[in-house]
Every structure is written in structure tokens, then in C-alpha cells.
1. Residues of the chain: accessible area per residue at 1.4 Å, in Å²?
2. Can you tell me the 0 to 90 degree angle between the C-alpha axis of helix 400-420 and the longest principal axis of the chain, rounded to 10?
3. Below 20 Å, Cα to Cα, which lysines can Lys306 reach? Residues fewer than 8 away in the same chain don't count.
4. Per-residue ellipticity at 222 nm for the chain, helices alone: DSSP H runs ≥ 4 residues times -39500 (n - 2.57), over residue total, nearest 500 deg cm²/dmol?
5. Quote the charge dipole size of region 43-127 about the Cα centre in Debye, to the nearest 20; the model charges only the Cβ of Lys and Arg (+1) and of Asp and Glu (-1).
6. Pick out, from Ala75, Thr85, Gly54, the residue whose Cα sits farthest towards the positive end of the charge dipole of region 35-132, with +1 on the Cβ of Lys and Arg and -1 on the Cβ of Asp and Glu.
7. For region 1-146, calculate the relative contact order in percent as a whole number, restricting contacts to Cα pairs under 8 Å that are 6 or more residues apart.
8. How many percent of the accessible area of the chain is carbon or sulfur, using a 1.4 Å probe?
Amino acid sequence: MPSLARLTDDHARGPVPQGEGVSGWRVAMVIVGFAITLPLMLTGSRMGLALGVGNALQAFVAGGLILMVAGSLTAMVAADARLSTYKILEFSFGRSGAKLVSALLALTLFGWYGVTAALFGDALRAAAMDIHDVHLNTVTGIVVGSSLMIAVTVFGFRALDLLSVIAVPLLVTFLLVLVARTVEDVNGQSGQNPGDIDLGVAVSMVVGTYIVGVVLVPDLCRYARSVRQGVLAIVAALGVGLPFVLAASAVPSVAANDDDLVAIMVKLGLGAPALFVIVFATWTSNANNLYSTSLGLAAVVERVAKWKITVAAGIVGTLVAIGGITDYFMPFLLALGIAIPPVAGIYLVDYFVVRGRGFFAERRAVDVAPFNPAAFAAWLLATATGAVTVGDWFALTRIPACDSLLVAGLLYFSFQRLSKR
């Protein structure tokens, strides 16, 4: 029988062997499973109510296209280098410098893991009461959900792939059934209040739902068989899948004039599917949060097996969720979120412009500089730019995450050119 070390080996600290790659469709399934979350569906519901179906669909498609373009670029880096996000950062930030960035990214994702685990416990308790009149303790829901997430994540990408192949088609089917039943059974009520949100702001909201996922695309697309398959995964997941999930959440909400999808499903007699959506949507998305957290920590703590890091992070995240500390985490996590998009701008410019595509593959075995001041200067200044644009003091693209990403790339290119001179 294969040893535990072999079963849990996920190439956290090295390139994925070419023979272990999978098709772009399989990678797309994992990404869609990552993207289907209760907060994402709530965003779709509220935007549908605020904009009306027509304008909301425009925002979903436009936001999905922006994410698809950015994600395709990060997927190209991943599928070529076959490294996780955190190992890719070593080329731009330096071997020691990358550990600082990786630790920050891992802390952010760890915080969201705890927040999502707490939301899962609350949602499961409410659903059990509303659907089956069963009294379920929130702590029990958190422990059960977190145990499922840890059990899958320990085995890395292979387990996430298997879970997504099973869960995502079922989730998509249930969303389609929800749309069909809502249009058919909700007496033609209209909850449209077009104009409550500016279309540009709506597009920004869509981009904001997954821009961190775009930065972390290498964690998943490193398993794509080729660069072409990696890009195919992003086109399918973010160009098609993400807008579909948002639209499938908006249509029932507009028809029922209610942004609570679970309540709508219960009214339509779809109680069991509602419970399924809560469980599997949170299971797939939070398992991915824990996966990227463990990859980041594995890049920082190099002598500990990744599966041990995964279990430890999952247990601590569960305790954080049970302790209610997540309520105090939210402002901190939102602030950290501003610092993540610039990271992608730096490693994209490094890959496509500064060092060139061959460098990432050819220099794997060569020690890179321990610290790159140009990358850190660009990162800090771009993060400050993102904070300013969030405060509406000025804007470049009207999407703060895109502003900070673009500024980071431009500054990094400029600083590298100056340092060479």
C-alpha cells in the first residue's frame, strides 16, 4: 500500500511532474468549486435585486471577462513553471522575501477559512431548523464541516479534483432547477429595483469577489497538462462558470423579491437541495482556502510535512471559528485583501517582461537572491494605491483591485530598469 507521505505528496515545494497533469476541464471544475460560495451567491442575489436581471447580467459578464483575462495570464505562468504561487514568488521577491509575502497570504486565507467555517455552522443550523425542524448546535456544524474540509485537503489537489468532479455538476444542476422552478412557481413577482447600484460599481463588485483567487490560480493551474489547458480552465471557470453562478443566484431573487436563496428553495419545496448547496458549496470553497493556506505555510516552514501543516491549520481555524474570533478578523482581513492583488502584478511583469518566460523554468535549481527591494517597494506603494482608491480619493479603472495590480506591475518594471542602470 502507498505510504501516507506518498498519498499526501502534493509537490508543495517543487514543480508538478509533467506526467501528473490533468485536463483543463478538470482544473476548471476545481476552480468553479472554489468560486461557488454562499457569499458569492448572496452577491448575485443582491445585485439582481438592485440592478434588475438585464443590467445584472451585463455586470456579471463584464466582471467575468476581466477576471478571465487576468486569470489567463496567471494560469500561463502556473502551467509553464508548474509551481505553486508561493514558490513563484521566490523569483520576484527573493527566497527569504517570498516567505514574508507567503506568510501574509497564508494568514489572510487562514482567516477566511475560519470565517467561512463559522458561516457554515450558522447556515447549517438555520437550514436544519427551517427545513427539517431539527435543532443543531452551531459548534457541531462547525466541527462537522471543518472535519470534512480537513479530510479532503490533507490529500491535496487529487482529492480536491475528485470532490469537485462529484460536487460541481450537482451544484450546477440544482442551481438550474432552482431557476426553472422559480420562474415557473413564484407567480411572476418582480423585485427589480434598477438603478440602486451604478453598473461600473457592480462590475467592480464582481471582480472583487474572485480577484484573490486570480492571484492564487497557480496553486491549481500548475496541474494543467499544458499552458493551453491552463488557459482553457480559466476561460471555462471564470469566463463562463462564475457569471453563470451569479446569474443563477440573481434570477430567483428578482422573481421572488428576496435575496435569501435558501428561503426561496424551502418555499419551492427544495429543502433537501438547499441543504446540499450549503454543505457542498462551503465544503469545496473552504477546502480550497485551507489548501492554499497549507501551501503558503509549507513554503515558509520547509521542514514540516504539508499534511501535518494542513491538519494543524484546520484545527486552529476550527477553534478560531468556534471562539467567535472571526467577528474581529473581518476588518483585518478586508485590509489585508488590498495587499494581495499587487502580488500578481509583480510576478506577471517578472514573467512576461523583466526576466522572461524561460527564466522561471531554467532557474529552478539555482539560488535566487534572498531579497528583492524593487519587488517590495512596488508592492507597498501599490498596496497604498489600492487603499486610496478604495477610499474613493481617486481611481484609475474604478476597480481598486485592478488599480493596485496595474500599479504594482508598472512600478516593479520601472524599479527593475532603474536598478539595472
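1. 41
2. 0
3. Within reach: Lys87, Lys99.
4. Helix contribution divided over all residues of the chain: -25000 deg cm²/dmol.
5. In debye, rounded to 20, region 43-127 gives about 140.
6. Farthest along the dipole direction, towards plus: Thr85.
7. Worked out over region 1-146, it gives 18 percent.
8. Ligands and nucleic acids excluded, carbon and sulfur reach 66 percent.
The values are calculated or read from the model by the stated rules, or taken from the named source; none is laboratory data. In this text the structure is predicted, and so the values were computed from the model without any measurement. Backbone-built Cβ (ideal geometry, glycine too); neighbour counts: all protein chains shown. Keep in mind that these areas ignore ligands, DNA and RNA; they rest on the heavy atoms of the full protein, side chains included. Shrake-Rupley method; radii C 1.70, N 1.55, O 1.52, S 1.80 Å.
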